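What follows is one structure encoded as structure tokens, with my remarks underneath.
Nothing in this text is a laboratory measurement; each read-out follows from the coordinates by a stated rule. Small disclaimer: the values here were computed from a predicted structure and weren't measured. No Cβ is skipped: glycine too gets one built from the backbone with ideal geometry, and neighbour counts run over all protein chains shown.
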Amino acid sequence: MLIMAGGVAVSPFIFQLAIFVMAIFVGYYVVWSVTPALHTPLMAVTNAISSVIIVGALIAVAAGTKGGSGLSTWTGALAVALCAVNIFGGFLVTQRMLAMYKKKERPAPKADVKAGAK
């Protein structure tokens, strides 16, 4: 299967690789242009996406253990591990960002001992 691009046959692998490389650049510029105020909501969405991915990875592991290929078992297990790190790290970062916006309690002023002894 060849894709015609400007009169030249391009293999599907090269075509998909080019899309992947462009997606890396677009993702890099999108992530670094996010303002700090939007960081926490975007992190919550990322955690939600990772939770959907981890379900698919668990299905891949289950399919591999029930007569499937060993490759799907190992790649599914790797995907589960990476998604788990992403989800838990996202929760830690989100908690840290939310803690920055909490008001800090100030200690009560201490009574001046010398001022009271007249």
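Which listed residue (Pro41, Ile59, Met100) has the Cα farthest towards the positive end of the charge dipole for the chain, taking +1 on Lys and Arg C-beta and -1 on Asp and Glu C-beta about the Cα centre?
Met100
Give the peptides 12-22, 52-62 in descending order of average Cβ contacts within 10 Å, highest first.
Descending mean neighbour count gives 52-62, 12-22.
Under the √(5λ) rule applied to the eigenvalues of the Cα gyration tensor, what semi-axes describe the equivalent ellipsoid of the chain? Give them in Å, descending.
51, 24, 9
In deg cm²/dmol, rounded to 500, what helix-only [θ] at 222 nm does the chain give when every DSSP H run of at least 4 residues adds -39500 (n - 2.57) and the total is split over its residues? Please report the intermediate quantities before stating the final value.
Numbers: 4 runs with 84 residues, N = 118.
Mean residue ellipticity, 222 nm, calculated: -24500 deg cm²/dmol.
What is the magnitude of the charge dipole of the chain about its Cα centre, with +1 placed on the Cβ of each Lys and Arg, -1 on the Cβ of each Asp and Glu, and no other charges, expressed in debye to the nearest 20?
Approximately 920 debye in magnitude.
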